[in-house]
1. I'd like the Karplus ³J(HN,Hα) series for region 28-37: coefficients 6.51, -1.76, 1.60, θ = phi - 60°, whole numbers in Hz, and an x wherever there's a Gly or Pro.
2. Would you mind working out the magnitude of the charge dipole of the chain relative to its Cα centre, with +1 at each Lys and Arg C-beta and -1 at each Asp and Glu C-beta, to the nearest 20 Debye?
3. With the other protein chains left in place, how much accessible area per residue, in square angstrom, belongs to the chain at a 1.4 angstrom probe?
4. With labels modelled as points extended 7 Å from the Cα through the Cβ direction, what inter-label distance (nm, one decimal) is found for Ala118 paired with Glu38?
5. Residue-wise, which Karplus ³J(HN,Hα) couplings in Hz belong to region 75-88, taking 6.51 cos²θ - 1.76 cosθ + 1.60, θ = phi - 60°, and x for glycine or proline?
6. State the extension gain, in nm to one decimal, for the chain segment bounded by Leu107 and Leu137, taking 0.36 nm per residue of separation less the distance between their alpha-carbons.
7. What list of ³J(HN,Hα) values in whole Hz, one per residue of region 61-72 in order, does the Karplus curve 6.51 cos²θ - 1.76 cosθ + 1.60 (θ = phi - 60°) give from phi, with Gly and Pro shown as x?
8. Report relative contact order for region 1-136 in percent, whole number only (criteria: Cα-Cα under 8 Å, sequence separation at least 6).
Amino acid sequence: FDMWRRIAMIGIIPFAPLKYRPILGCGLAAFSVVVVQESQPYHDAATNALAVASQWQLCVTYFIAFALMSGALEATFNLGILLLAINLTIVVTALFLGIKKNTERVLNEATIFKLRHALTLEKAVDKKKFDAAWGGLEQ
């Protein structure tokens, strides 16, 4: 999906009329947010969180571009600082959520490993009990 998203963002948006580029970019970015968030295309939770965050960054950036193009906002230094703060907030949040999800996954895998080990030990004990009971029946 990421390859097609990149082709669309780089190949379609520049050929659109200038006044439609921000809204087209915002629409494609919003569609990308939904697809990446629902499909979780990567094995690693941190990578998925970062991918979703990057889609949100694109969406917010295109939305600000749309607001600037439509005249709802004026290009000021404060707007640039706001956009920078929003992007940094998204990155920090994505890193936090990715680390949290990875920690949960590691704990879950450790629990599964312990349960499998306990099952192996119990299986050996049960086999000994079964062999002892079977040996008692044979006599």
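1. Coupling constants for region 28-37: 5, 5, 5, 4, 5, 4, 5, 5, 5, 5 Hz.
2. Numbers: 13 positive and 10 negative charges, 17 e Å.
My answer is approximately 80 debye.
3. Details: 10320 Å² over 139 residues.
With all protein chains present, the chain gives 74 Å² per residue.
4. It works out to 3.9 nm between the two label points.
5. Result, ordered by residue: 6, 10, 4, 5, 5, x, 5, 4, 5, 4, 5, 4, 5, 5 Hz.
6. On the way: separation 30, 0.36 × 30 = 10.80 nm, distance 4.44 nm.
Computed gain between Leu107 and Leu137 is 6.4 nm.
7. 5, 5, 5, 5, 4, 5, 5, 5, 5, 7, x, 6
8. Numbers: 80 pairs, mean separation 33.1, N = 136.
Rounded, it is 24 percent for region 1-136.
The values are calculated or read from the model by the stated rules, or taken from the named source; none is laboratory data. Being a predicted model, the structure only gives us computed values, none of them experimental. Note that each Cβ is placed from the backbone with ideal geometry, even for glycine, and that neighbours are counted across all protein chains shown. Just the protein is used for accessible areas: all its heavy atoms, side chains included, with ligands, DNA and RNA removed. Shrake-Rupley method; radii C 1.70, N 1.55, O 1.52, S 1.80 Å.
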